[in-house]
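Reviewing the structure listed below.
The values are calculated or read from the model by the stated rules, or taken from the named source; none is laboratory data. Everything numeric here is computed off the predicted structure, so don't read it as measured data. Note that each Cβ is placed from the backbone with ideal geometry, even for glycine, and that neighbours are counted across all protein chains shown.
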Amino acid sequence: MMQMQSWRKTLEFICIPLGAILAALFAFGIFCAFAGGNPFGVYYSIYRAAFGSWSAFQNTLIRASPLMLSALCTILPARLGLVIIGNEGAIVLGGLGAVAVGLAIQGGAPIIVQLGMALGGMAVGGLWIALVGILRHYRAVNETISSLLMNYIAIALLNQLVEGPMRDPSSLNKPSSYPIADVNMLGNLPGMRVHYGLLFGIIACILAYILIQRTTFGFAARMAGGNLRAAKIAGLPVGKLTIAICFLGGACAGLAGMVEVAAVHGRANISLNSNYGYGGVLVAFVARQNPLAAILVSIMLGGILASAGILQRSHGLPDATALVFQGLVFLSILYSDSLYGRFDFFKERAIATSEV
Amino acid sequence: MAEALGWLGVPLGIIAGTLRGSAPFLFVSLGECLTEKSGKINLGLEGTLLMGAMSAYGISYLTGSPWLGVLSAGVAGLLFGFIHGFLSQQPRVNDVAVGIAMIIFGSGLAFFLGKPFIQPSAPQLPTLDLGAWSQSPPVQAALQISPLFLIGVAIAPVMQWFFRSTRWGLLIRAVGDSPDAARAMGVSIYKVRLLSIMAGSFLSGIGGASLSLYYPGSWSERISSGQGLMAVALVIFAKWRPMQCLYASLLFGGAQAIGPALQSVGIDSYYYLFNASPYILTLLIMIITCSPKRTLTGVPGALGRTNESRL
């Protein structure tokens, strides 16, 4: 992945996703025109709401940060050839774990409480996805299906706990856990409205990239993902690798849950189940399982999510319009994956260029 | 419904819930079964279900004919199936990812187009009152069966026969189990899969019609509580056999009714966990029946494999 590429290949990697986004914008414009909106007005509104001003861009970043962490839950196991979509469950339980730890040690110094919440969220999320890895390795249970099932089980656990043992009796309409004290909440980055979750997300993506590309662990994982039998013959501990990488992926999603609890909601309730999990799966595939690309794709999706409100307010379009746009963009980008190598212009011309 | 009957209401509530709630499971799982038999997964049936529910309700409201609504739900399913069948068969495109994108696109489109239909009430499908013999209103209400449910019950054995005894059924199984052998027979894998996915989506769309035109019988954005995704688990539970999809749908529909039925007699301590029981059950069965030494019985051989490049 890091070897030198000719400018044609690089251009292909830029042009194809860009073309896919343009195609999605075009299709969305037609859709808006049918719905009675002015396509160009809608484009401008999306741009303004997502990236148009510093304040708007901060809204985008707030939505992008859990997506980055959530995407890693799919990206890391993908190195081993696993398709895990249990991000939602790991986020939900990570948030729950963070609250449980945060409430248990709430008397401590804020930095200790925050650290405890982060570790709690990561441990619970990590164990949850590690279980998927254990089932995969020891019982050959399909990881996509088991992680999907476990999403529902996690959400049921959340509902059960916040309506039962963890419930704050004063939360009437929306059963919730007791709140985290304000001093223990995760603050904002200096000079911004964006919380520290963004920093966590970017650091986690960079660390994941280094782990996969620059360490023996990452090399072993890639090898096992490429050819399982060869890896076993080479004596790689495939089981341990599977469980470890699932744990790390789950820990990232669990951290996303912690960030949502400790920086946004302040308590655990059903708001934790807000589709950042499935969003993260899509980010992972659109970023072609590359952690650095996931940062950019998360910001793009964050921007689309941030523009939902304005489409409703200034164009009279239902708020589901942003969902349609999101779907079109992802379908178009996923399709564009099949276009690599189909255009002659981007093909290597070794002989021709060497003679020039 | 169960209040007047006391404890007897629990089994009655579960039976009524099973008869009412299993039709969407049945249609979507039969659709997913057909799709997976051809070797592709369609996670996007959740979006198809919503789209089917919306178009059935909308068309029934606009034309006054619920059966036209059912038909349009199927057509909406066909279109979604075409998109999924086309995209998921492109080289390097992952069918799981396309499925999730289709959930987002489908639910977005359904909410967008369905916005005007949330308030008005559309004509519902007629029901067959099999409980007319009983004096008790709860029993009568419980036995109001939807004709769609009966159609679904009839499709299951037909599909079983179709896979076992017809040329087309054999083709689909060959494509799903061993694409190379099918290719050697001169079969177009692309076409067989596309048609299977489209037919499966058609059935799922009708499952959506059962949601909005029978039970719960209205259109709202929360009408499908993940039933489209659950059906994927259900097909595995049923080991890719249509008749077992029928039994599993009844079981899942019944399991969904356990929580509310117990709640009606005052037991609500484990409400949410009871609701999650189908998922827990499916996972447990997978853990018990899977083994690293052999593949799952009944699983189509090509399921989950990446697309061979068609270049």
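Please work out if residue B:154 is in a helix (DSSP H, G or I), farther than 18 Å from residue B:76 by Cβ and under 20 Å from the mean Cα position of the chain (by Cα). Yes, satisfied. Within segment B:104-132, the residues that satisfy the criterion of being facing chain A (nearest Cβ under 7 Å) and under 23 Å from the mean Cα position of the chain (by Cα) are B:104, B:105, B:107, B:108, B:109, B:111, B:112. A count restricted to segment B:215-239 and to residues that are in contact with a helix residue (DSSP H, G or I) (Cβ under 6 Å, 6 or more places away or on another chain) and part of a loop (DSSP other than H, G, I, E, B) stands at 6.
Taken as a whole, the structure places residue A:201 among residues that are more than 14 Å from every other protein chain (Cβ to nearest Cβ) and within 22 Å of the chain's Cα centre (by Cα). With respect to the conditions (1) part of a helix (DSSP H, G or I); (2) surrounded by 24 or more Cβ atoms within 10 Å (Cβ to Cβ); (3) in contact (Cβ under 8 Å) with a residue 40 or more places away in the chain; (4) not basic (Lys, Arg), residue B:42 falls short on a single one, namely (1).
Residue pairs whose Cβ atoms lie under 9 Å apart, separated by 6 or more positions or on different chains, with the first residue in segment A:153-166 and at the interface with chain B (Cβ under 7 Å from one of its Cβ atoms) and touching a residue at least 60 places away in the same chain (Cβ under 8 Å) and the second assigned to a helix (DSSP H, G or I) and not hydrophobic (A, V, I, L, M, F, W, C), are A:153/A:89; A:153/B:279; A:159/B:271; A:159/B:272; A:159/B:275.
Listed here are the residues, each with its yes/no results for (1) closer than 28 Å to residue A:334 by Cα; (2) surrounded by fewer than 19 Cβ atoms within 10 Å (Cβ to Cβ).
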residue	(1), (2)
A:232	no, yes
A:239	no, yes
A:243	no, no
A:246	yes, no
A:250	yes, no
A:259	no, no
A:267	no, no
A:276	yes, no
A:279	yes, no
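Within segment B:220-249, the residues that satisfy the criterion of being away from chain A (no Cβ under 14 Å), buried (at least 17 other Cβ atoms within 10 Å of the Cβ) and out of contact with any Leu (no Cβ under 8 Å at 6 or more places or on another chain) are B:241, B:244. Mind checking whether some residue in segment A:109-121 is of a type outside the set (Gly, Ala, Ser), touching a Leu at 6+ places or on another chain (Cβ under 9 Å), assigned to a helix (DSSP H, G or I) and at negative phi? Scanning segment A:109-121 turns up at least one residue that is of a type outside the set (Gly, Ala, Ser), touching a Leu at 6+ places or on another chain (Cβ under 9 Å), assigned to a helix (DSSP H, G or I) and at negative phi.
Results for (1) aromatic (Phe, Trp, Tyr); (2) modelled with pLDDT under 90, shown as yes or no for each residue.
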| position | (1), (2) |
| --- | --- |
| B:163 | yes, no |
| B:179 | no, no |
| B:199 | no, no |
| B:207 | no, no |
| B:210 | no, no |
| B:218 | no, no |
| B:223 | no, yes |
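Of all residues in segment B:278-294, those that are crowded, with 21+ Cβ neighbours inside 10 Å and within 19 Å of residue A:157 (Cα to Cα) total 4.
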